[in-house]
């Protein structure tokens, strides 16, 4: 099954500690079906200085979230929506919001 959420999309978290928060997708792992969302699902990593001049300490960074726990955020409806695919007359395909039926613009 194809992943319909892409890098740069705005998504809303629907499960877990960060439920209800929105953010931009930083990366998508299609094989593991996980996404990294900006400013969501922070974890602390204890790092060791590997090179001279590099700092050691506790670093906070975003951890991946499973795709089933996020919905694409529909700006018009101000909520998350499922994503569908519509075939156009010229043979191309476009992503469509299931809630509003409108075409989803490509992320910058």
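Scanning the range 63-72 for residues that are surrounded by fewer than 17 Cβ atoms within 10 Å (Cβ to Cβ) and assigned to a strand (DSSP E or B) yields a count of 1.
If the condition is being over 16 Å from residue 61 (Cα atoms) and either in contact (Cβ under 8 Å) with a residue 12 or more places away in the chain or touching a helix residue (DSSP H, G or I) at 6+ places or on another chain (Cβ under 6 Å) (or both), then the range 29-39 contributes 29, 30, 32, 33.
Screening the range 81-91 for residues that are more than 15 Å from residue 70 (Cβ to Cβ) and part of a loop (DSSP other than H, G, I, E, B) and picking the one that is nearest to the chain's Cα centre (by Cα) gives 88. Of the residues making up the range 1-35, those that are farther than 16 Å from residue 104 by Cα and more than 8 Å from the chain's Cα centre (by Cα) number 18. The listed residues are 31, 60, 94, and the only one of them that is part of a strand (DSSP E or B), loosely packed, with under 10 Cβ neighbours inside 10 Å and at pLDDT 90 or above turns out to be 60.
Being surrounded by 12 or more Cβ atoms within 10 Å (Cβ to Cβ) and in contact (Cβ under 8 Å) with a residue 60 or more places away in the chain: is that true of residue 83 here? So residue 83 fits the description; yes. A residue that is within 10 Å of the chain's Cα centre (by Cα) and either touching a residue at least 24 places away in the same chain (Cβ under 8 Å) or exposed (fewer than 11 other Cβ atoms within 10 Å of the Cβ) (or both) can be found somewhere in the range 40-47. Looking across the range 34-57 at every residue that is in contact with a strand residue (DSSP E or B) (Cβ under 7 Å, 6 or more places away or on another chain) and assigned to a loop (DSSP other than H, G, I, E, B), the one that is modelled with the lowest pLDDT is identified as 56.
The values are calculated or read from the model by the stated rules, or taken from the named source; none is laboratory data. Note that the structure is a prediction, hence the values are computed from the model and not measured. Cβ coordinates were reconstructed from backbone atoms using ideal geometry, including for glycine residues, and neighbour counts include every protein chain displayed.
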